[in-house]
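Working notes, structure below.
The values are calculated or read from the model by the stated rules, or taken from the named source; none is laboratory data. Because the structure is a prediction, the values reported are computed rather than measured. Virtual Cβ from ideal backbone geometry, glycine too; neighbours counted across all protein chains shown. What goes into the accessible areas is simple: the full protein's heavy atoms, side chains included, and nothing from ligands, DNA or RNA. Shrake-Rupley method; radii C 1.70, N 1.55, O 1.52, S 1.80 Å.
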Amino acid sequence: MIHRPLWLRVIAYAIAILVSLFYLYPYWWMLLGAFRPAEAVLTDPLRLWPERLDFSVFRDIATVGGVSIWRYLANSVWITGASTILSVGITALGAYALTRRPDLLAFKALRSGFLLTMMYPYMLLVIPVYIVMFKIGLLGTYAGIILFLALGPIQFFLFEQFFRSIPGEVIEAAIIDGASEWQVLRLVVMPVAMPVVATVTIITFLLNWAQWFPILVISRSPDTYTLPVALLNMTGELGVNFQGIMALAAITTIPATLVFLLAQRRVMQGMADGAVKG
Amino acid sequence: MSSMTPPVSANRVWVFYAFALPFAALTIIFGLWPIVLSFSVSLTKSATALRAEPIYVGLENYLSVLSDPIFRASLISTLIYTLASVVANVLFALGYAMLLHSTLIGPGRTIFKVAMFLPVVTPDLAGYAVWRWLYDQSFGAVNAFLDLVGLPAFGGIASPDTAMIAILIAELWHHTGFFVLIFLANLAICDRSLEEAAEIDGANRWQRKLYVVLPQMRPSLVINTVYAVIQFLKTFTVVVIITKGGPNGATNFVSYYAYRLFDQGRYGEAMAMASILFVIVAAVALVAYRIGDRRPS
């Protein structure tokens, strides 16, 4: 290690710590806001420790927009979970087919079509999706929401990158030994694909947990809203319930934060790989 | 594939079509169809857009959008915001990544990285909801802090002059972790021996960073810039939750304006705006990639 003057290192650490505080402080302030009575925040917004823990907010947010908070939580878990599993399965199979046999009729067109879709500004794609859902009768259904959330660029790029890295000889050897394509997939490819499957699963979970706009647009009533959409609904309807908004924001944030912290290395590596490829 | 490939039976082809089928179905139904629809709806009369046989009005929606002073103002503020955001995010992320990568930072590097990346995986809506209140004149910590250290108050989201800066900071908080990650990945594969050679040749630290390291950062600079341009051109969530386009239309960016028209049932104009924005996004992405490719690396 090259020796650098101490004062320079002190400055570098001071900057890094200040920047990190800028990124972390909003989380702490959100938690304080959820557990401190609103009047207390008004008199002292900067207090770093709650004067007492106030749990009254959970009565306020027991129902939002006429729907129980538990329903929003269940929707979040169900929509995120189902769309993640579907996304991993469908994208893995699709990317596998497209990587193994790019020569097949229409496969090139499919890949280009997918890339075009992913380039289209997401928010603006969602609006005509409303019309599509209306036409195929999936407006307001869980199925519509889950199917729409099952498609994403980073999942595809990570799988494509991985399948390209499998040496062709390994697969050919299995085929010469008489394995069917299904056996090749199950016995040769899947065992080595487990790490990338894990990475894509966690990243998809995080991305879909955060989704709100497609869910708002495809939904017909708050019955299919997830936590973020409920939060948006709440800011609209009860503009001033500061404590409730902070509590709901915290409930929305904590699961994603925990998943990320448990798998931070994998998530950051995967997001970097997926982005560099795309 | 090598010449060892055994004869391909029809069965072996069909199985790949079967594997790709669900993926193809989703791509077509929820990707290509809506894109085609958005274009065709942009050519119809809004009130008839959802009917089985909509009335086509040619480019009327485009003309009405382009002659709409609110849309023009919206487009200009979107471009200004995008430019400012791209410069702020990319420069800040580059500087911070170089700091984290330097020999000045030893232990704790992972913690600094994780702290910055956390907002990237935090649901953006929740993050921005917190920022909306951080800026609040009575509840907010921002002005309380400025007051504490003796700085003048920040207008935040209440004033048209500062609303754009306020949401720029909130978005910076949400996005920079990603840009830093990409820069760090690039820095990790930079050739240290080039820097050492330059040092032997007598280049000082800043010269080495500028002439040796920076050129090697081209791939990540291109990726981050293109990504940032696309990202900020379609800025949406932060506006929905923090400013709702205000105050006085100061943050009424194109995505948000298009959504508001959609919400009012003005589908034709909303989709015309979407198409215009898509053309801008695609053009900018294309030009940026070209510039990134042309220069020698």
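Data table
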{"read-out": "Counted residues, the range B:198-209 - those being in a helix (DSSP H, G or I) and either open to solvent by 50 Å² or more (accessible area, probe 1.4 Å) or touching a residue at least 60 places away in the same chain (Cβ under 8 Å) (or both)", "value": "6"}
{"read-out": "Complete set of residues in the range A:197-234 that are part of a helix (DSSP H, G or I) and open to solvent by 30 Å² or more (accessible area, probe 1.4 Å)", "value": "A:Val197, A:Ala198, A:Thr201, A:Ile202, A:Phe205, A:Leu207, A:Leu216, A:Pro222, A:Asp223, A:Asn233"}
{"read-out": "In the range A:170-196, the residues that are surrounded by 18 or more Cβ atoms within 10 Å (Cβ to Cβ) and under 17 Å from A:Gly274 (Cα atoms)", "value": "A:Ala193, A:Val196"}
{"read-out": "The range A:1-14, subset among the aliphatic types (A, V, I, L, M) and outside any loop (DSSP other than H, G, I, E, B), residue surrounded by the most Cβ atoms within 10 Å (Cβ to Cβ)", "value": "A:Ala12"}
{"read-out": "Tally, over the range A:3-46, of residues that are modelled with pLDDT of 85 or more and basic (Lys, Arg)", "value": "2"}
{"read-out": "Residue check, A:Asp44 in contact (Cβ under 8 Å) with a residue 40 or more places away in the chain, charged (D, E, K, R) and out of contact with any Pro (no Cβ under 8 Å at 6 or more places or on another chain)", "value": "no"}
{"read-out": "Qualifying positions in the range B:46-72 - over 15 Å from A:Pro128 (Cβ atoms), open to solvent by less than 90 Å² (accessible area, probe 1.4 Å) and assigned to a loop (DSSP other than H, G, I, E, B)", "value": "B:Ile55, B:Val57, B:Gly58, B:Ser67, B:Asp68"}
{"read-out": "Meets criteria (in contact (Cβ under 8 Å) with a residue 40 or more places away in the chain and farther than 30 Å from B:Ile169 by Cα) for A:Ile61", "value": "no"}
{"read-out": "Which numbered condition B:Val65 misses (of (1) aliphatic (A, V, I, L, M); (2) facing another protein chain (nearest Cβ under 8 Å); (3) more than 25 Å from B:Leu210 (Cα to Cα))", "value": "(2)"}
{"read-out": "Residue that is of a type in the set (Val, Ile, Thr), farther than 20 Å from B:Ile76 by Cβ and more than 14 Å from the chain's Cα centre (by Cα), where the choices are B:Val287, B:Val240, B:Val279", "value": "B:Val240"}
{"read-out": "Subset of the range B:95-111 (residues that are open to solvent by 20 Å² or more (accessible area, probe 1.4 Å) and in a helix (DSSP H, G or I))", "value": "B:Gly95, B:Met98, B:Leu99, B:His101, B:Arg109, B:Thr110, B:Ile111"}
{"read-out": "Unmet criterion (only one of (1) in contact with a helix residue (DSSP H, G or I) (Cβ under 8 Å, 6 or more places away or on another chain); (2) free of Cβ contacts under 8 Å to residues at least 60 places away in the same chain) for A:Tyr13", "value": "(1)"}
{"read-out": "Subset of the range A:80-90 [β-branched (Val, Ile, Thr) and open to solvent by less than 10 Å² (accessible area, probe 1.4 Å)]", "value": "A:Thr80, A:Thr84"}
{"read-out": "Residues (in a loop (DSSP other than H, G, I, E, B), touching a helix residue (DSSP H, G or I) at 6+ places or on another chain (Cβ under 8 Å) and open to solvent by 20 Å² or more (accessible area, probe 1.4 Å)) located in the range A:139-169", "value": "A:Gly140, A:Thr141, A:Leu151, A:Ile166"}
{"read-out": "Of all residues making up the range B:18-45, the number that are assigned to a helix (DSSP H, G or I) and either at the interface with another protein chain (Cβ under 7 Å from one of its Cβ atoms) or touching a residue at least 24 places away in the same chain (Cβ under 8 Å) (or both)", "value": "18"}
{"read-out": "Residue that is surrounded by the most Cβ atoms within 10 Å (Cβ to Cβ), among those in the range B:128-143 that are within 7 Å of another protein chain (Cβ to nearest Cβ) and touching a residue at least 12 places away in the same chain (Cβ under 8 Å)", "value": "B:Trp131"}
{"read-out": "Cross-chain or 6+ apart pairs with Cβ under 8 Å, the range A:174-186 first and farther than 16 Å from A:Ala97 by Cα and at the interface with another protein chain (Cβ under 8 Å from one of its Cβ atoms), then modelled with pLDDT under 90 and open to solvent by 70 Å² or more (accessible area, probe 1.4 Å)", "value": "A:Ile176/B:Met4"}
{"read-out": "Residues (among the polar types (S, T, N, Q) and within 11 Å of chain B (Cβ to nearest Cβ)) located in the range A:84-114", "value": "A:Ser87, A:Thr91, A:Thr99, A:Ser112"}
{"read-out": "Number of the condition not met by A:Ala263 [criteria: (1) open to solvent by less than 10 Å² (accessible area, probe 1.4 Å); (2) of a type in the set (Gly, Ala, Ser); (3) over 17 Å from A:Arg71 (Cα atoms)]", "value": "(1)"}
{"read-out": "Residue within the range A:239-254 that is part of a helix (DSSP H, G or I), open to solvent by 30 Å² or more (accessible area, probe 1.4 Å) and of a type in the set (A, V, I, L, M, F, W, C) present", "value": "yes"}
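For every residue, the table says whether it meets (1) at the interface with chain B (Cβ under 10 Å from one of its Cβ atoms); (2) touching a strand residue (DSSP E or B) at 6+ places or on another chain (Cβ under 6 Å); (3) surrounded by fewer than 12 Cβ atoms within 10 Å (Cβ to Cβ); (4) at negative phi.
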position	(1), (2), (3), (4)
A:Ala16	yes, no, no, yes
A:Val19	yes, no, no, yes
A:Leu24	yes, no, no, yes
A:Ala34	no, no, no, yes
A:Glu39	no, no, yes, yes
A:Phe55	no, no, yes, yes
A:Gly66	no, no, yes, no
A:Trp78	no, no, no, yes
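Let's see how each residue does on (1) at pLDDT 85 or above; (2) open to solvent by less than 10 Å² (accessible area, probe 1.4 Å); (3) farther than 30 Å from B:Ile55 by Cα; (4) more than 10 Å from chain A (Cβ to nearest Cβ):
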site: B:Tyr211; (1), (2), (3), (4): no, no, yes, yes
site: B:Ser220; (1), (2), (3), (4): yes, yes, yes, no
site: B:Tyr227; (1), (2), (3), (4): yes, no, yes, no
site: B:Ile242; (1), (2), (3), (4): yes, no, yes, no
site: B:Gly246; (1), (2), (3), (4): no, no, yes, yes
site: B:Ser255; (1), (2), (3), (4): yes, yes, no, no
site: B:Arg260; (1), (2), (3), (4): yes, no, no, yes
